[in-house]
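> Can you keep this structure in mind? I'll have questions shortly.
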């Protein structure tokens, strides 16, 4: 019950408050959602990935977690693509469906949730949280892989339907996130603390602005969206993301013999709702934006229920 209430009060209510504000602003001022999505993808997202990668220390013993996260991404791609073919979606809907299954909200939803879990009983011992740093390191690895892939593979998937493979690749490479990722890793090799650089606060401000602006943009998109609550494909996507995702992670964790906190976090993280960036990318590439926006909304809402079960199962099956 504590976990459910935390997800509701600390994750869902703030998220939906910002989305609702975006809906109100979008209806009153008729904002251009394409412009807002460009601001997100070309300004806030690059700063977000650069700061997170540069400031995160990734020890060698986390390579196994990195491998699992990449495998989860690949399997989810195959899984989503297979469902699209079985359901006989057109190429555009297949690709946006794949994005909705592959990419999940590992940052502004996942980080605070993992912080709660490992700051709470039974992990707190005498006022200390011995597993919190380790759990957060695993979650940050998940977040980095997700952010890298959603802004490159996700963009490629979204653009492929309208312009073919070559055009989609060109469009994906025009997004600056991948270049900021490369710059972050290069900066980590340079013996200088870039957090002392005069422009560092500007990167931090931009990084912190991603979540509210992205959610407001989603709200503006939803203000133009025609909702179809009978669309079975939306619920199929949400089921694949919230239920099948943790099952895939569980099978990989068992296969590779991962135990304890790492196993718990890898399973819990795959139960997160669909990433907001999937909707932004669909808007940018004009690829079924209504469907993508509805999936983000529904998966975020239902995650409050499914995640409580995932957390309970993961922490009981892989005790520490």
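> Would you mind ranking 256, 109, 48 so that the residue whose beta carbon has the fewest other beta carbons within 10 Å leads the list?
On the way: 256 16, 109 24, 48 27.
Ordered by Cβ neighbours within 10 Å, fewest first: 256, 109, 48.
> By the gyration tensor of its Cα atoms, with a ≥ b ≥ c the square roots of the eigenvalues, what is the shape of segment 81-223: rounded for a/c under 1.5, prolate for a/b over b/c, or oblate? Don't skip to the answer; put the middle values down first.
On the way: a/c = 2.14, a/b = 1.39, b/c = 1.53.
Oblate, because a/c is 1.5 or more while a/b does not exceed b/c.
> Treat the chain as a sphere of radius equal to its Kirkwood radius over Cα pairs and apply Stokes-Einstein at 20 °C in a medium of 1.002 mPa s; give the translational diffusion coefficient in µm²/s, rounded to a whole number.
Values: Rh = 19.9 Å.
Answer from the Stokes-Einstein relation: 108 µm²/s.
> Please work out the Kirkwood hydrodynamic radius for segment 39-140, using every pair of different C-alpha atoms, and report it in angstroms with one decimal place. Working shown, then result.
Numbers: mean 1/r = 0.0614 Å⁻¹.
For segment 39-140, the Kirkwood estimate is 16.3 Å.
> Right, next: How big is segment 233-320 by the Kirkwood estimate over distinct Cα pairs, in Å?
Working: mean 1/r = 0.0732 Å⁻¹.
One over the average 1/r among Cα pairs gives 13.7 Å for segment 233-320.
> Could you grab the Rg to Rh ratio for segment 152-192? Cα atoms only, Kirkwood for Rh. Walk me through the numbers on the way to the answer.
Details: Rg = 13.6 Å, Rh = 11.2 Å.
So for segment 152-192, dividing Rg by the Kirkwood Rh gives 1.21.
> Out of all Cα-Cα pairs in segment 69-108, roughly what percent, to the nearest whole number, are more than 16 Å apart? The partial results should precede the final answer.
Working: 255 of 780 pairs.
Summing the P(r) tail past 16 Å for segment 69-108 gives 33 percent.
> Going 7 Å from the Cα of residue 85 along its beta-carbon direction, which residues of segment 239-281 have the amide nitrogen within less than 14 Å of the resulting point?
Label zone hits: none.
> Defining a contact as two alpha carbons under 8 Å apart and six or more residues distant in sequence, what relative contact order in percent does the chain show?
Working: 448 pairs, mean separation 101.6, N = 320.
That works out to 32 percent.
> Using only C-alpha positions, report the orientation-averaged shadow area of the convex hull of segment 4-56, nm², one decimal.
Working: hull surface 20.7 nm².
Result: 5.2 nm².
> Just the ratio, please: alpha-carbon radius of gyration of segment 15-84 over 2.2 N^0.38 Å, N its number of residues.
Values: Rg = 18.3 Å, N = 70, 2.2 N^0.38 = 11.1 Å.
Relative to the 2.2 N^0.38 Å estimate, segment 15-84 comes out at 1.65.
> If each DSSP helix of 4+ residues adds -39,500 (n - 2.57) and the sum is divided by the residues in the chain, what number results at 222 nm, nearest 500 deg cm²/dmol? Kindly include the intermediate steps, with their values, before the conclusion.
Values: 16 runs with 229 residues, N = 320.
The helix contribution divided over the chain gives -23000 deg cm²/dmol.
> Still on this model: Return the ratio Rg/(2.2 N^0.38 Å) for segment 191-282, where Rg is computed over Cα atoms only.
Compared with the compact-globule rule of thumb, segment 191-282 sits at 1.55.
> Taking segment 128-210 on its own, what percent of its Cα-Cα pair distances exceed 17 Å? Don't skip to the end; give the middle numbers.
Working: 2198 of 3403 pairs.
In whole percent, the long-distance tail amounts to 65.
> Using just the Cα positions, wrap segment 163-320 in a convex hull and report its mean projected area in square nanometres, one decimal place. Walk me through the numbers on the way to the answer.
On the way: hull surface 53.0 nm².
The orientation-averaged projected area of the Cα hull of segment 163-320 comes to 13.2 nm².
Every number here is computed from the coordinates shown, using simple stated rules; none is lab data. Everything numeric here is computed off the predicted structure, so don't read it as measured data. Cβ: placed from backbone, ideal geometry, glycine included. Neighbour counts: every protein chain shown.
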